[in-house]
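A quick write-up on the structure given underneath.
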Amino acid sequence: MLARFRKPAVSAGRSGDQPVSGAEANGDQGHRLRAPSALHAFNRYEIKYLVDTAEAAELREEIGQRLDPDRHSGDRGYGIWSVYYDTRQLRFYWEKIEGLKFRRKLRVRHYGDRFAVEDGTPVFVEIKQRVNRVTQKRRVRLPYRDALRLCDGRRMVEHEPAQRAFLEEVLDLVLRLDLRAVAMTGYIRHAYVGRDADVGLRVTFDHRVRGRDRDLHLGADAQNRLIVPARKTIVEVKANERVPYWLTDLTARRNLQVVRVSKYCQSVEAHGLAPRSIFHVPGHDLDLHLDHDLDHESGRPRPAALSEA
């Protein structure tokens, strides 16, 4: 599918999402940067599919024969929570909908149990941008209080020398475009990483995709709603250079169709912040009354107010 795109990837690190140890995160589950640099950056190609959860389970089993499970996924997977920043006119949202060849978005992201997020919890401040068909992501890890001071308070924070240029870019973006927190997304991820000839390949399965448009503190005891149907899973193939033939054959054999779906756009549209686009996942079968007794990220009982969390 993307075999024709053979431009070499530019990478300052590997693209996997790696939780930090409990000691590093003060007991909370965050993510370790694989690169030694204080700034983590990479380029890659990304392809998305929207599949039934039952078929996703079959795909995971088949892909698991060729790829290794992310060592942090476990049986339950892990949670990913992101707060997205945009202009009052939703500039980044519309850039995505209109399919601009160059577009970007700013977000603050946490990996793990969101109920444990505190001021000192490690999070990532990220700029993710698309240049033609290539996705580029740059990010730095900061304590949550510093991420808020930078993106909400619009003030520079203490940093390592290698982080300065990126943090100045974030601050300039926030000030120049008057960015503010607009929407939040969260989901459970199971991930697989390539080995041998497939090093650099990553396949992720995201399900129970939720969001909200208020109470946008990562650790807020707030209610979310499903923004992708409960029976659907977003499968994403991420490759530094090209997708291996065995994987393109697998997707063709299963007749998987490439989709343009953005979790951020889904959240914006689901909460009425913008009209639903032609790329919106149909919401007629959203199940807003999940009755699970346990929180999937932590395994502990969920607060009553978070029945859709």
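Of note, Ala41 satisfies the criterion of being over 26 Å from Arg254 (Cβ atoms) and touching a residue at least 24 places away in the same chain (Cβ under 8 Å). Given the structure, is Glu158 more than 27 Å from Asp113 (Cβ to Cβ), without any contact (Cβ under 8 Å) to a residue 60 or more places away in the chain, loosely packed, with under 14 Cβ neighbours inside 10 Å and not aromatic (Phe, Trp, Tyr)? When the stated conditions are applied, Glu158 does not pass them. Within the range 179-205, the set of residues being of a type in the set (D, E, K, R) and not in a strand (DSSP E or B) comprises Arg195, Asp196, Asp198. Being under 29 Å from Thr248 (Cα atoms), among the charged types (D, E, K, R) and not in a helix (DSSP H, G or I) is a description that does not apply to Arg155. Scanning the range 166-221 for residues that are more than 19 Å from the chain's Cα centre (by Cα), more than 30 Å from Leu67 (Cα to Cα) and in contact (Cβ under 8 Å) with a residue 12 or more places away in the chain turns up Phe166, Leu167, Glu168, Glu169, Leu171, Leu173, Val174, Leu175, Leu177, Asp178, Leu179, Asp221. Scanning for something within 15 Å of Ile47 (Cβ to Cβ), without any contact (Cβ under 8 Å) to a residue 12 or more places away in the chain and in a helix (DSSP H, G or I), does the range 139-151 turn up at least one residue? Looking through the range 139-151, none of the residues is within 15 Å of Ile47 (Cβ to Cβ), without any contact (Cβ under 8 Å) to a residue 12 or more places away in the chain and in a helix (DSSP H, G or I). Counting the residues of the range 190-208 that are charged (D, E, K, R), farther than 23 Å from Tyr93 by Cα and touching a strand residue (DSSP E or B) at 6+ places or on another chain (Cβ under 6 Å) gives 2. Need pairs with beta-carbon distance below 6 Å; first residue in contact (Cβ under 8 Å) with a residue 24 or more places away in the chain and of a type in the set (A, V, I, L, M, F, W, C) and within the range 76-103, second crowded, with 21+ Cβ neighbours inside 10 Å and in a loop (DSSP other than H, G, I, E, B); sequence gap 6+ or separate chains. Matching pairs, first to second residue: Trp81/Leu218. Among the residues of the range 208-235, just one is part of a strand (DSSP E or B) and either among the acidic types (Asp, Glu) or surrounded by fewer than 20 Cβ atoms within 10 Å (Cβ to Cβ) (or both), namely Arg225. Restricting attention to the range 237-261, the residues that are loosely packed, with under 14 Cβ neighbours inside 10 Å, of a type in the set (Asp, Glu) and touching a residue at least 12 places away in the same chain (Cβ under 8 Å) add up to 0.
Quick note: the coordinates plus some simple rules give every number you see, no bench work behind them. All of these numbers come straight from a predicted model, not from anything done at the bench. For neighbour counting, all protein chains shown are included, and Cβ atoms are generated from backbone atoms with ideal geometry for every residue, glycine included.
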